[in-house]
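Only one structure is covered here, and it is reproduced in the block below.
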Amino acid sequence: MTEWISLALIAVGAFFFLAGSTGVLRFPDVYTRLHALTKADNLGLGFVVLGLALRADSVVVVLKMLLIWALVIVAGATASHLVAEAARTSNVAPWRKRS
Amino acid sequence: MRRHTRPLERAVVFAVVWWVVAEADPEGWVFGIPFVGLATVASLKLTPTRSWRIRPAGALRYAWYFVHQSVMGGIDVALRAIKPSMPIDPMIFRYRMRLVPEHARVLFADTVSLLPGTLSTGFEGDSMTLHVLDRELPVEQSLRDVERRVADLFGLTLSAEGGNLLACENITGGECR
């Protein structure tokens with residue numbers, strides 16, 4: 001049972017990584033691509049960590065994965081802020097929907 | 001405001017991190033103890049004092065809100081990316097922050113980037129500029145909500161001024177106009 005729940009969680013995680021990568025390819029400019037990268041990957045990694053936590057041999061291994069997740073979240077949010085700020089201060093115009 | 005150095009508190013945090021990284025292997029302490037010491041020294045050099053505290057109850061409320069919102073944020077952007085019609089209508093906004101201390105503003109900006117459809121793109125004085133994936137999203141309400149929760153986490157009061165959102169029609173010289 002645990003095995004299947006774990007597999008399902010990892011599959012959901014993989015779906016978000018796939019959707020995030022699809023966004024990076026399909027979205028039109030640097031700003032919209034950053035949305036896809038930070039948010040989808042953060043959630044995808046969360047699901048993968050939950051799935052792997054069910055298979056872990058000890059609590060400390062679970063804590064280690066949670067620590068990695070937390071560091072990825074902080075690094076991802078900060079890096080995307082910096083990339084977006086660099087784009088904005090160098091006048092990279094955001095893509096606008098034609099109306 | 002009281003300022004804290006607390007070298008022992010920092011050393012304990014680094015020791016716990018090491019214990020987790022080494023997966024509780026007792027032999028790891030041969031390397032762990034010197035590096036916990038070095039990390040503590042580096043931390044004291046880089047941020048000698050801090051004037052902020054985290055309220056445990058506020059931290060729990062913030063954590064729950066954060067997890068909930070990042071799930072919504074991930075689902076929202078994933079669906080927009082894979083739908084054949086790709087429903088996005090982006091816009092840059094400027095938000096006048098009601099949070100004053102720098103540490104609170106940094107956490108605010110990082111949180112905003114993980115919320116559904118919003119991405120912080122830098123600070124301009126007391127304002128934060130952000131990119132929004134779909135201008136129809138209730139951005140102002142979400143931002144006011146995040147601010148309130150960050151204030152709750154650090155035990156701060158929000159300034160009476162601000163809390164309003166402006167659309168930027170143009171960004172020249174990195175500034176919103």
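The values are calculated or read from the model by the stated rules, or taken from the named source; none is laboratory data. Values in this document were obtained by computation on a predicted structure and should not be read as measured data. When we count neighbours, we look across all protein chains shown, and the Cβ atoms used for this are built from the backbone with ideal geometry, even at glycine. These area figures cover heavy atoms from the full protein model, side chains too; ligands, DNA and RNA do not enter into them. Shrake-Rupley method; radii C 1.70, N 1.55, O 1.52, S 1.80 Å.
Quick look at the values:
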{"item": "For chain A: rounded, prolate or oblate by the Cα gyration tensor [a/c cutoff 1.5]", "result": "oblate"}
{"item": "Within a Gaussian network of chain B (alpha carbon springs, distance under 10 Å), most fluctuating of B:Leu156, B:Leu60, B:Leu38", "result": "B:Leu38"}
{"item": "Sequence-separation-based contact order of chain B, relative, with Cα cut under 8 Å and 6+ spacing, percent", "result": "25 percent"}
{"item": "Average accessible surface area per residue within chain B, 1.4 Å rolling probe, Å²", "result": "54 Å²"}
{"item": "Carbon + sulfur, % of accessible area of the stretch B:1-154 - ligands and nucleic acids excluded, 1.4 Å", "result": "66 percent"}
{"item": "Candidates B:Leu79, B:Leu114, B:Leu137, ranked by Gaussian network fluctuation over chain B, Cα under 10 Å, top entry", "result": "B:Leu79"}
{"item": "In range of the label at A:Leu52: residues from the stretch B:6-45 whose backbone nitrogen is under 20 Å from the point 7 Å along Cα→Cβ", "result": "B:17-25"}
{"item": "For residues of A:17-29, the mean tally of beta carbons on other chains within 10 Å", "result": "4"}
{"item": "Helix runs (DSSP H) in chain B reaching 24 Å along axis by Cα, Kyte-Doolittle at least 0.0", "result": "B:29-46, B:56-82"}
{"item": "Share of carbon and sulfur in the accessible heavy-atom surface of the stretch A:2-89 [1.4 Å probe, %]", "result": "79 percent"}
{"item": "Mean Kyte hydropathy of 0.0 or more with a Cα span along the axis of at least 24 Å, helices from DSSP in chain A", "result": "A:2-26, A:59-89"}
{"item": "Alpha-carbon spread of chain B, three principal axes, descending order, Å", "result": "57, 43, 35"}
